Structures are given as C-alpha cells and as structure tokens.
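The values are calculated or read from the model by the stated rules, or taken from the named source; none is laboratory data. Note that the structure is a prediction, hence the values are computed from the model and not measured. Cβ coordinates were reconstructed from backbone atoms using ideal geometry, including for glycine residues, and neighbour counts include every protein chain displayed. Please note that ligands, DNA and RNA were not included when accessible areas were found on the heavy atoms of the full protein model with its side chains. Shrake-Rupley method; radii C 1.70, N 1.55, O 1.52, S 1.80 Å.
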Amino acid sequence: MSKASLRRVDKLLSSMGYGTRRDIARLARTGRISLDQTELLDAAMRIPVSADLPNRMQVAGSPLDPLSGLVVLMDKPLGVTCSHKEAGSLVYEMLPPRWRRRNPVVSTIGRLDKQTTGLLLLTDDGSLLHRVISPRSQIRKTYRATLARPLDGTEIALFNSGTLKLRGDDKPLAPAKLEAISTTEVLITVTEGRYHQVRRMFAAVGNFIETLRREKLGDLCLPDNLAPGQWRLLSKEEIALVFR
Ligand code: URA
C-alpha cells in the first residue's frame, strides 16, 4: 500500500482478524490500541493506512500485524497439507491463528503435495497469486528429488524433449531441465504446475520419488536459515525474484 488511504480502525482491525467490530471497540475503549504511542479510544475513528502503520500501531501490547498485500515464504514441513479445510495438519496452522480470519484471505500460491517439503509462498494478494500460478508466466520451479532407483541415463533427454506425455494428459509436458547430482539424487526444473507433476514424470520412466523438496521459484531460493514450518515475510525485492 503506497498511498495512505483512510480506514476506520474497527473495520481495518476486524479485516485483519482481531475480532468483530464490537471486540475492536472494546479494545479501543480499554486503551489497548495505540497509534504513535497515543491511545486510540474511539474505534470509529478513521486513520491513514500507510505501509509504516505496523511500526506505529500497537494492539493489545504487540505491533500491528502486516497489512494486506503480504507475502509469506515458508519452509513447508513434511506431512502438512496445503488446504484450508482437510483433515490433519494444514500449512495455515503454521501462521498466527488470527490470520485465518483475515479478509482478504491468506492462501498458498499453488500447492505442494503433503509429502513434498520446501519453498511455499502464501499471500492475500489475489492478483499476485494468479500471476505466479498462471501457465503464461512459465515460472521456473526447482525441486531436489531423491529416487528409489538409479537414473538409467535416458531421463535428461526425455524430460527436455517436450514430447513426454503423462498418463491421462492430452498435451505433452513442456521441456524440463534435469541435473543429476548422483545416480539417485537430482535437481529438476519445470515451468508448469500439473498435478503431482514431478512424481508422475519419474513414474513415467519407471522410477519412484522418495523425497521431494522445492528449493527455488524463479530466482527466489529457499534460505538456509528457515527450519521446517518456519516462515517470514518477503520484501518487494524478494518477490520480484520470483519473476526473474
Ligand atoms: N510435483 C509433485 O509431484 N509434487 C509437488 O508437490 C510439486 C511438484
């Protein structure tokens, strides 16, 4: 958000998951909302919403959550699902519980399988989300995979050929780049996002993926200092790396 638009405090905070407008009015009345160190007692007040607001506003003793337009980079752990409502552990449970009540909602940018780990982005910016997942963007996704069986030497050319058809698909896959780290460990870069794509590619050559980890999206790499399940917000410059 570059220009400061005026928003009612109660509407702003309830859209960020802090509670109903009545809850926010109570927080304000009891002196638990402050702006520039001054208590904001009237939740109906309109305030300018600029990018620096989270540094200037406190709610119940903590800095305001990130404003809308956020992008999260997470190291998705094993066994966690990219869904809002399936059974079992969900990636959204790694974020603050309040964020699940935000409007616009925070969603994953594309999905990783339950058994895939690594670089996962989440955002509440619908147009960014569509730009990243749109087939037209052809964003490179790089995965490290370990294989049940050694490579047989045909895979690099086949995956790069643009002729490999996966079972049940009408169209062949776009060329993908395969780099062998060892006979059972590879880096594979694809520009499409078909269902279970990388696992199905190796199934098509009679192999089986034992572990799959996304390490890179465009030029954005998964940093070494995030543990599984940890996340951080991305800067505008980091988001731009996805499109490079
Ligand atoms: N390809 C897969 O098979 N699974 C993923 O999670 C991502 C790409």
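Side notes on the structure shown:
- If you go through segment 162-212 and pick out every residue that is on the phi > 0 side of the Ramachandran plot and in contact with a Gly (Cβ under 7 Å, 6 or more places away or on another chain), you end up with 0.
- Residue match in segment 73-94 (condition: open to solvent by less than 30 Å² (accessible area, probe 1.4 Å), modelled with pLDDT of 95 or more and of a type in the set (D, E, K, R)): yes
- Check on residue 34, touching a strand residue (DSSP E or B) at 6+ places or on another chain (Cβ under 6 Å) and open to solvent by less than 70 Å² (accessible area, probe 1.4 Å): yes
- Residue match in segment 167-184 (condition: exposed (fewer than 14 other Cβ atoms within 10 Å of the Cβ), within 18 Å of residue 135 (Cα to Cα) and in contact with a helix residue (DSSP H, G or I) (Cβ under 7 Å, 6 or more places away or on another chain)): no
Rundown of residues vs (1) away from the ligand (no atom under 14 Å from the Cβ); (2) under 22 Å from residue 218 (Cα atoms); (3) among the polar types (S, T, N, Q); (4) assigned to a helix (DSSP H, G or I), yes/no style:
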residue	(1), (2), (3), (4)
167	no, no, no, no
173	no, yes, no, no
178	no, yes, no, no
181	yes, yes, no, no
198	no, yes, no, yes
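- Taking segment 46-73 as the range and being on the phi > 0 side of the Ramachandran plot and either charged (D, E, K, R) or in contact with a helix residue (DSSP H, G or I) (Cβ under 7 Å, 6 or more places away or on another chain) (or both) as the test, only 60 passes.
- Residue in segment 102-156 that is nearest to residue 68 (Cα to Cα), counting only those that are within 16 Å of the ligand (Cβ to nearest atom), open to solvent by 60 Å² or more (accessible area, probe 1.4 Å) and in contact (Cβ under 8 Å) with a residue 40 or more places away in the chain: 133
- Residue, nearest to residue 123 (Cα to Cα), within segment 42-53, restricted to residues that are loosely packed, with under 14 Cβ neighbours inside 10 Å and in contact with a strand residue (DSSP E or B) (Cβ under 8 Å, 6 or more places away or on another chain): 48
- Pair list, Cβ < 8 Å and 6+ apart or interchain, from segment 188-199 residues that are within 11 Å of residue 174 (Cβ to Cβ) to residues that are open to solvent by 40 Å² or more (accessible area, probe 1.4 Å) and near the ligand (Cβ under 7 Å from one of its atoms): 194/200
- Here segment 1-24 is the region considered, the condition is being crowded, with 20+ Cβ neighbours inside 10 Å and touching a residue at least 12 places away in the same chain (Cβ under 8 Å), and the residue that is nearest to residue 235 (Cα to Cα) is 16.
- Counting the residues of segment 34-89 that are in a strand (DSSP E or B), under 24 Å from residue 106 (Cα atoms) and touching a Leu at 6+ places or on another chain (Cβ under 9 Å) gives 13.
- Of everything in segment 200-223 that is assigned to a loop (DSSP other than H, G, I, E, B) and more than 17 Å from the chain's Cα centre (by Cα), the residue that is farthest from the ligand (Cβ to nearest atom) is 206.
- Residue 99 meets the conditions (1) surrounded by fewer than 20 Cβ atoms within 10 Å (Cβ to Cβ); (2) in contact with a helix residue (DSSP H, G or I) (Cβ under 9 Å, 6 or more places away or on another chain); (3) over 30 Å from residue 49 (Cα atoms) in every case but one. The failed one is (3).
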